[in-house]
1. Carbon and sulfur together cover what percent of the accessible area of the stretch 15-90 at a 1.4 Å probe radius?
2. How many nm is it between the label spots at residue 14 and residue 64, if each spot is 7 Å from the Cα in line with the beta carbon?
3. Residues with amide H under 5 Å of residue 80's amide H, sequence separation 5 or more or different chain, H placed in the peptide plane at 1.01 Å from N; which?
4. If we sort 5-11, 35-41 on the protection proxy, mean other Cβ atoms within 10 Å, highest first, what's the order?
5. Over the chain, give the accessible area per residue in Å² for a 1.4 Å probe, as an integer.
6. Suppose we keep just the DSSP beta bridges with both residues in the chain; what percent of those would be antiparallel, to 5?
7. Applying the Karplus parametrisation 6.51 cos²θ - 1.76 cosθ + 1.60 with θ = phi - 60° to the phi angles of the stretch 34-43, what ³J(HN,Hα) value in whole Hz is obtained for each residue in order, glycine and proline being reported as x?
Amino acid sequence: MYVCNYDADTITFDIHDVHPLIGKNISVRVRHVDTPEIRGHLPCEKDAARTAKRLIENQLKQAKRIDLKDVAKDKYFRILADVIVDGRNL
């Protein structure tokens with residue numbers, strides 16, 4: 001279940017049927033997506049980051065189904081996954 005998104009490429013989920021210790025409020029990085037940073041240095045970067053965040057937030061809030069596919073860890077040991085929204089890769 002979608003909880004929130006920090007920006008457009010980092011999303012928090014509650015994963016059903018997984019112990020809350022490892023499945024509640026799990027931050028997932030979206031594979032193959034790199035968006036401007038909310039904490040960017042330039043005002044235009046921050047504006048672009050907020051716009052991208054809202055776009056993803058709206059898609060996820062309206063989704064009937066969200067699946068995480070090909071779950072792995074990235075080089076920084078963060079959870080990395082393809083996020084499938086109503087059958088389409090985010």
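The values are calculated or read from the model by the stated rules, or taken from the named source; none is laboratory data. The structure displayed is predicted, hence computed values, not measured ones. Neighbour counts are summed over all protein chains in view; Cβ atoms, including those assigned to glycine, are modelled from backbone coordinates with ideal geometry. For accessibility, only protein heavy atoms count, side chains too; no ligands or nucleic acids. Shrake-Rupley method; radii C 1.70, N 1.55, O 1.52, S 1.80 Å.
1. Result for the stretch 15-90: 53 percent of the exposed heavy-atom area is carbon or sulfur.
2. Output for this residue pair reads 2.3 nm.
3. Amide H neighbours of residue 80, under 5 Å, 5+ apart: 29, 72, 73, 74.
4. Put in order of decreasing packing, that is 5-11, 35-41.
5. In whole numbers, the chain has 71 Å² accessible per residue.
6. Of the beta bridges lying entirely in the chain, close to 85 percent run antiparallel.
7. Running phi through 6.51 cos²θ - 1.76 cosθ + 1.60 with θ = phi - 60° gives 9, 10, x, 8, 4, 8, x, 7, 9, x Hz.
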